[in-house]
Amino acid sequence: MKIREQLLKLACEITEIRRDLHMHPEIAFEEERTSQIVAEFLASAGIEVHRGLGKTGVVGTLKCGDGDKSIALRADMDALEMQEQNSFSHCSVYDNKMHGCGHDGHTAMLLGAAKHLAESRNFNGTAYFIFQPAEEGLAGADAMIKDGLFDLFPADAVYGMHNGPGTPVGAFAILPGAMLCSFDTFDIVINGMGGHGAMPHQTIDPVLIAANVVTALQSVASRNIDPLHPIALSITQIASGKPTYNVIPEQATIKGAVRTLNADTRDLAENRIKALVQGVSASFGGSCRIDYKRGYPVLINSADETEIAANTARAIVGDTAVLTNIDPVMGSEDFAFMLQKKPGAYIVIGNGDGASSCVVHNPKYDFNDEIIPLGMEYWCRLVERELS
């Protein structure tokens, strides 16, 4: 029996798991039920299970033959803190928790591939199945690495996959080099001197300073960064004072985020933001405090592994359905931490592009179960190709 026929038979079981995970979403570092399901499923397939990396992470190890090559496949498990607005039978049973990014589908597809590979054993070497917590903002990949992920499971390369709404079912998309951006955040506190709104000359107005800071920060992208180097600098919150009309407050706060696609741009943006905030604050007689936090790094696909991933996908769906002339995405992914440690590649599997296709992080999103067999086949063929 061919691999596709075998996976189609497995798809019903995996779809049930996917919908169960969707009904019971768990947010970052709270994936206790999810990790238990993953561990029990892997163990039942005869796969060695290791738990506890990154608190709730799970790693399965499957060895076959005497080959010394190894490959790691990664799926994320966590959900988002958002209220689902769907009405189907597998809708989230928890308030303000939802699988709004498809990690339920990612987990299910990798479980299905692991089970098939454990049964077929059509490879020679070691496959590691990484089920990672806390992708959504809390860097579960980095936590697993710091807990010894690649010391315990020294894969030669690591691969990731994410569903892509807007990309047709039956298509894949991948890009060598920088594919997703870095993600940094900043919290700015501006201190002035409060007073009566009728006597502004006796104050140092932090609201005025904040307004000028916001305007000045727009110059980072327009006047400091090479126009050929993408950057997204967004001010997302401004707050100051109490709900009154006649009091100039003591303090104002600004929050925002910075996304870039290369390290030099990232460094320059951080330096200019700090310099501008300090300069503008001082010029108005105020002071400031800046808490600049570096988050996820740029996700960089290594050239050889990108070609391996693309060729694996081409063998399944044909040349024209593997999109390699795509633009980078200004979203971010903590799989980037793994790609800093190991060569590898991150690929997008089409989740659908029709009128009903919903973007991720939307309260009406749902993973498309139609692509489960295709995702499982990609993982299986990737292992068989690399550990032939």
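Could I get the Rg over Rh figure for the chain? Both from C-alpha atoms, Rh via Kirkwood, rounded to two places.
Details: Rg = 23.8 Å, Rh = 22.6 Å.
We get a ratio of 1.05 for the chain.
Under 10 Å, Cα contacts only: if you run a Gaussian network model on the chain, which one of C91, C288, C358 comes out with the highest mean-square fluctuation?
C288
Which of K146/K342; K97/K146; K146/K341; K9/K69; K55/K293; K9/K115 have a Cα-Cα distance over 18 Å? Don't skip to the end; give the middle numbers.
Details: K146/K342 14 Å; K97/K146 27 Å; K146/K341 11 Å; K9/K69 29 Å; K55/K293 23 Å; K9/K115 12 Å.
Flagged as over cut-off: K97/K146; K9/K69; K55/K293.
Counting helices only, and only those DSSP H runs with n ≥ 4, report the 222 nm mean residue ellipticity of the chain as the sum of -39,500 (n - 2.57) divided by its residues, in deg cm²/dmol to the nearest 500.
Details: 10 runs with 135 residues, N = 388.
Calculated mean residue ellipticity at 222 nm is -11000 deg cm²/dmol.
Between K242 and D187, how many nm apart are label points set 7 Å from Cα along the C-beta direction?
2.3 nm
Of the residues A211, A263, A336, which exhibits the maximal mean-square fluctuation in a Gaussian network model of the chain defined by a 10 Å Cα contact cut-off?
A211
Note down the magnitude of the dipole of the range 183-296 about its Cα centre, charges +1 on Lys and Arg C-beta and -1 on Asp and Glu C-beta and zero elsewhere, to the nearest 20 debye.
On the way: 10 positive and 9 negative charges, 22 e Å.
Approximately 100 debye in magnitude.
Say the dipole of the chain comes from +1 at the beta carbon of Lys and Arg and -1 at that of Asp and Glu; which of S332, V158, N96 then lies farthest toward its positive end?
Looking along the dipole axis, the top candidate is S332.
Need one number: the % of Cα-Cα pairs in the range 250-388 sitting beyond the 28 Å mark. Don't skip to the answer; put the middle values down first.
Details: 3911 of 9591 pairs.
It works out to 41 percent of all Cα pairs.
Along the Cα-to-Cβ line of R385, 7 Å from the Cα, sits a label point; which residues in the range 315-356 have backbone N less than 14 Å from it?
315-324, 344-349
Round to the nearest 0.05 the FRET efficiency obtained for H50 and D291 when R0 = 45 Å and r is the Cβ-Cβ distance. Intermediate values should be presented prior to the final figure.
Details: r = 36 Å, r/R0 = 0.80.
The formula returns an efficiency of 0.80 here.
Place a +1 charge on the Cβ of each Lys and Arg in the chain and a -1 charge on the Cβ of each Asp and Glu, then give the dipole magnitude about the Cα centre in debye, rounded to the nearest 20. Don't jump to the answer; show the numbers that get you there.
Values: 31 positive and 48 negative charges, 123 e Å.
Here the size comes out at about 580 debye.
Give the Cα extents of the range 183-304 along the principal axes, in whole Å, largest first.
Cα spread of the range 183-304 along its principal axes, largest to smallest: 66, 24, 18 Å.
Going by C-beta contacts inside 10 Å, put I204, I347 in order with the fewest on the left.
Working: I204 20, I347 24.
In increasing order of surrounding Cβ atoms, one gets I204, I347.
Which of E40, E250, E26 comes first, and how do the rest follow, when ranked by fewest Cβ neighbours within 10 Å? Can you show the working numbers first?
Working: E40 11, E250 16, E26 21.
Going from least to most buried by this count: E40, E250, E26.
Compute the FRET efficiency between A355 and D66 as 1/(1 + (r/R0)^6), taking r as their Cβ-Cβ distance and R0 = 41 Å, and round to the nearest 0.05. Don't skip to the answer; put the middle values down first.
Values: r = 52 Å, r/R0 = 1.27.
For A355 and D66, the calculated efficiency is 0.20.
Nearest 10 degrees is fine. How inclined is helix 303-317 to the longest principal axis of the chain, computing both from alpha carbons?
Value to nearest ten degrees: 60.
Label points 7 Å out from Cα along the Cβ direction at F88 and D319: separation in nm?
If labels sit at F88 and D319, their model points lie 3.5 nm apart.
Got the relative contact order for the range 180-276 handy, in percent, Cα pairs under 8 Å and 6 or more residues apart?
Numbers: 175 pairs, mean separation 39.9, N = 97.
Relative contact order comes out at 41 percent.
Identify which of G195, G46, G125 has the largest mean-square fluctuation in a Gaussian network model of the chain, with springs joining Cα atoms closer than 10 Å.
Taking springs between Cα atoms under 10 Å, the residue moving most is G195.
Which of R294, R223, R74, R272 comes first, and how do the rest follow, when ranked by fewest Cβ neighbours within 10 Å?
Details: R294 12, R223 8, R74 25, R272 19.
Ascending number of Cβ neighbours within 10 Å: R223, R294, R272, R74.
Bear in mind these aren't lab numbers, they're just calculated from the coordinates by the rules spelled out. Keep in mind it's a predicted model, so treat the numbers as computed, not measured. Positions of Cβ are generated from backbone atoms using ideal geometry, with glycine treated the same way; all protein chains shown enter the neighbour counts.
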